[in-house]
1. Limited to region 475-486, what total is found for residues that are part of a loop (DSSP other than H, G, I, E, B) and touching a residue at least 40 places away in the same chain (Cβ under 8 Å)?
2. Just a yes or no: is a residue in region 434-455 in contact with a His (Cβ under 7 Å, 6 or more places away or on another chain) and modelled with pLDDT under 85?
3. Can you pull out the residues in region 56-86 that are hydroxyl-bearing (S, T, Y) and touching a helix residue (DSSP H, G or I) at 6+ places or on another chain (Cβ under 6 Å)?
4. Between a residue in region 414-433 that is surrounded by 24 or more Cβ atoms within 10 Å (Cβ to Cβ) and any residue that is not in a helix (DSSP H, G or I), which pairs come within a Cβ distance under 8 Å, given they are 6 or more apart or on different chains?
5. L203: in a helix (DSSP H, G or I), under 25 Å from the mean Cα position of the chain (by Cα) and farther than 30 Å from E482 by Cβ, yes or no?
6. When only residues in region 475-519 that are aromatic (F, W, Y) and farther than 30 Å from G132 by Cβ count, which is surrounded by the fewest Cβ atoms within 10 Å (Cβ to Cβ)?
7. Tell me yes or no: at least one residue of region 289-305 is within 24 Å of Q58 (Cβ to Cβ), touching an Asp or Glu at 6+ places or on another chain (Cβ under 8 Å) and surrounded by 16 or more Cβ atoms within 10 Å (Cβ to Cβ).
Amino acid sequence: MQRATAAERALSGRAPLRCTAIRLWLAAWLVHMLVVVGPASADDRNLRVAWSDQPPYQYLEHNHKREFPTGVDLEIMREAAARAGLSVTFQYQPFGESLRRLAAGDIDAVVGAYDTAARRAYADVSSPYRLGLDRIFLPPDSEIAATDSAAAIAEELRQRGLRLAVVADFDWGADGAAAIETLRRHDLILETDSLPESVAAVLDGAADGFLGDQLSGLALLSLWDAQHINPLPWVVQQRGIHILLARETLPDWQLARFNDALEGMIADGTVDHILQQFTNPLAIGVVFHNSWVEIFFVVGIIAFSISGIVIARQGEYSIFGAFVLASLPALGGGVLRDILLLRKPDFFDAPGMIYTCLLTILVGYLFNRFLDAVRGRALWFFDLVNLFVRLRRRADPRLALEFFDAIGLALFTVVAISITAEEGLAPLWFWGPLIGALSATGGAILRDMIRSEAHNPILHTSFYGETAILWGVLLALFLQFEGPYATTDQVLLAVAFCVGGIIVTRMSFVIFKIPTPKY
């Protein structure tokens, strides 16, 4: 009993010491949280971020009956803030108004801005996370000969009385500002609140050209089907783009933490990944928004459909069976791709592909019925057959079908790589070619599975999917490492190189009967 009492007295003597140690530890932890981590109130953790309309960097997305701001700049801002333990609230403002509100402390950040001495007077500037490339856009009938300097272009615009739309409060660099001032003295400058307003002013006739970011300008022109307006070769400026952070409203710990998060995103490739996700599909889309490319795309669908029609004719399939066999190679690969990527199939928004397939089936059906009707009844039919036999001796019609099929293979591969980049799959050089090959060959494989074709040529003897993968890797590598900052001409050249390579490689195996490498 005495021992127990002594033990109790010992424990009771240690209790005050233990409570004191706990209190000291809690106090030290609170000081650490306040000094190192910073205050954690809801108001301090939320950044009010201003954005303006400049696709693909900043724009309002309409998706599934809801609207939300997105784009390269906004997604980078979201990710950097999340890594820094901050939340963001986006507010739409014209760019000039955003700068004024930032200086007044009404907002905390402005995305997509150049670094200038005037802006550093009231804002801290983040590390540059992408490049801005500004050019002058003019219609082809402007016939501007001077393309070597801003001063020469401005003088020629002045002599011809051509008006230029520019976004107010944008920083255009020393050369650009001097050119704008020259034109302003002659009342040839139209100031707007955003780049879409500048483009709209040109389309409405209020201005003859506009000055803006190259990719953003091309995106708007493609959206409004005005590809006849092109950027001049001369670059007004090419500089780093930053995020401006209000110095008066944000404590130092938040500024440092945000910039560290942004630099971490640049180092681990997250920024480049976001850039590719938005810019590569747009750059390829601008290339594909061309009448000749669209014609080739339709030809590819027709070629894929004809291959199914020929099989349906030989196998005596029903009309519905012919539709299945024709539509699978033409559309099935794209459907497989969209199911894999959890996206809505394209033909729901652009049913022209289905119409083309149906029209091809209808024409094939009527042609077959015509042959059945005249066979043995019209003497001139035998003359046509004789002519066909003679032509076939000189040129195999199958080569024409294979050629158009190769065109479809090439175009479907490139489109699938673009969609893969849009969905943000990384690394693009790996997933892009695989998705491209699936999109280009998956439908034909499904067709042969349905008809119980044991000796599937695409999987056994035809150097088909391998062609799409081989050239798709080269295109994806270019887009992954050069795409975000490549010019439209460079993207066009890369796409043409990939399409031409697929066609030449595929036709070489067909014409010269090159044996396919075996496993």
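The values are calculated or read from the model by the stated rules, or taken from the named source; none is laboratory data. Note that this is a predicted model, so its numbers are computed, not measured. Backbone-built Cβ (ideal geometry, glycine too); neighbour counts: all protein chains shown.
1. 1
2. Taking every residue of region 434-455 in turn, none turns out to be in contact with a His (Cβ under 7 Å, 6 or more places away or on another chain) and modelled with pLDDT under 85.
3. Residue satisfying the conditions is Y57 alone.
4. Pairs found: T420/L341; G432/L425.
5. Values: in a helix (DSSP H, G or I): yes; under 25 Å from the mean Cα position of the chain (by Cα): yes; farther than 30 Å from E482 by Cβ: yes.
So L203 passes the test.
6. Applying the filter and picking the extreme gives Y519.
7. No, region 289-305 has no match at all.
Matching residues to (1) more than 30 Å from R120 (Cβ to Cβ); (2) modelled with pLDDT of 80 or more; (3) assigned by TED's automatic domain parsing to the domain that holds L331:
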position: T249; (1), (2), (3): no, yes, no
position: Q254; (1), (2), (3): no, yes, no
position: F258; (1), (2), (3): no, yes, no
position: L275; (1), (2), (3): no, yes, no
position: S291; (1), (2), (3): yes, no, yes
position: I302; (1), (2), (3): yes, yes, yes
